[in-house]
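Worksheet for the structure shown next.
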Amino acid sequence: MRLRAGEIVGVLATVGLFAALFMDWTEDPLGTSSGWASLWIGVQLIVDLALLFALIVPLVIATRQTVAAQMVATSIAAFVSFVAVIALTIDVVQIAGDESYGNVTLLWPAYAAIGLAVVLFLGMWRSLADERVTAPESAYSPPPARPVPPA
């Protein structure tokens, strides 16, 4: 089976978000910190799960699993990526606005990561819209009509 637009967008956003996590997100008088070092461990785990499930979706589709398996994988990926958007946004906003961090400047990869997480969610959401109605297991033929009982 071929990948649709939602899966392609999701995979590209996954690769971009993974790369953004290795870039410098914050700068302070002592140096810079990558996305991995800047994020709270809970947010890191949520983002990692979103990246993992976003890569599982095209694998499930490429191995020609049933439509139900594809929809389950895509539903989980959409949910986890939505949670990742919220967690990532809260953590980045907290770093930017918290005085306890000191003189910390957020760099552009932190904002790019939020945008890529949103694109990842939208790709997974778009992937949910198409339920592969042309798949053989999705075919539906109505049952034969029953005769009317006598009066």
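The values are calculated or read from the model by the stated rules, or taken from the named source; none is laboratory data. Quantities reported herein were computed from a predicted structural model and do not represent experimental measurements. Cβ: placed from backbone, ideal geometry, glycine included. Neighbour counts: every protein chain shown. Just the protein is used for accessible areas: all its heavy atoms, side chains included, with ligands, DNA and RNA removed. Shrake-Rupley method; radii C 1.70, N 1.55, O 1.52, S 1.80 Å.
Residues checked against (1) surrounded by fewer than 15 Cβ atoms within 10 Å (Cβ to Cβ); (2) touching a residue at least 40 places away in the same chain (Cβ under 8 Å); (3) part of a strand (DSSP E or B):
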residue	(1), (2), (3)
L59	yes, no, no
V85	no, no, no
A96	yes, no, no
N103	yes, yes, no
L116	no, yes, no
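Tell me the residue from P109, P58 that is within 19 Å of W36 (Cβ to Cβ) and in contact with an Asp or Glu (Cβ under 9 Å, 6 or more places away or on another chain), please.
P109
Consider Q70 carefully, then state whether it is open to solvent by 60 Å² or more (accessible area, probe 1.4 Å) and either closer than 24 Å to D24 by Cβ or in a helix (DSSP H, G or I) (or both).
no
Say whether the condition of being assigned to a strand (DSSP E or B) and either open to solvent by 70 Å² or more (accessible area, probe 1.4 Å) or farther than 30 Å from Q94 by Cβ (or both) is met by at least one residue in the stretch 31-39.
yes
Within the stretch 74-81, identify whether any single residue is modelled with pLDDT of 85 or more, surrounded by 10 or more Cβ atoms within 10 Å (Cβ to Cβ) and within 14 Å of L17 (Cα to Cα), and answer yes or no.
The answer is yes, given that some residue of the stretch 74-81 is modelled with pLDDT of 85 or more, surrounded by 10 or more Cβ atoms within 10 Å (Cβ to Cβ) and within 14 Å of L17 (Cα to Cα).
For residues that are open to solvent by 30 Å² or more (accessible area, probe 1.4 Å) and either farther than 30 Å from A62 by Cβ or in contact (Cβ under 8 Å) with a residue 24 or more places away in the chain (or both), tally how many sit in the stretch 13-30.
First, pick out the residues of the stretch 13-30 that are open to solvent by 30 Å² or more (accessible area, probe 1.4 Å): 15, 18-19, 22-24, 27-30.
Restricting the remaining residues to those that are either farther than 30 Å from A62 by Cβ or in contact (Cβ under 8 Å) with a residue 24 or more places away in the chain (or both) gives 18, 23-24, 27-30.
Looking only at that region, the number is 7.
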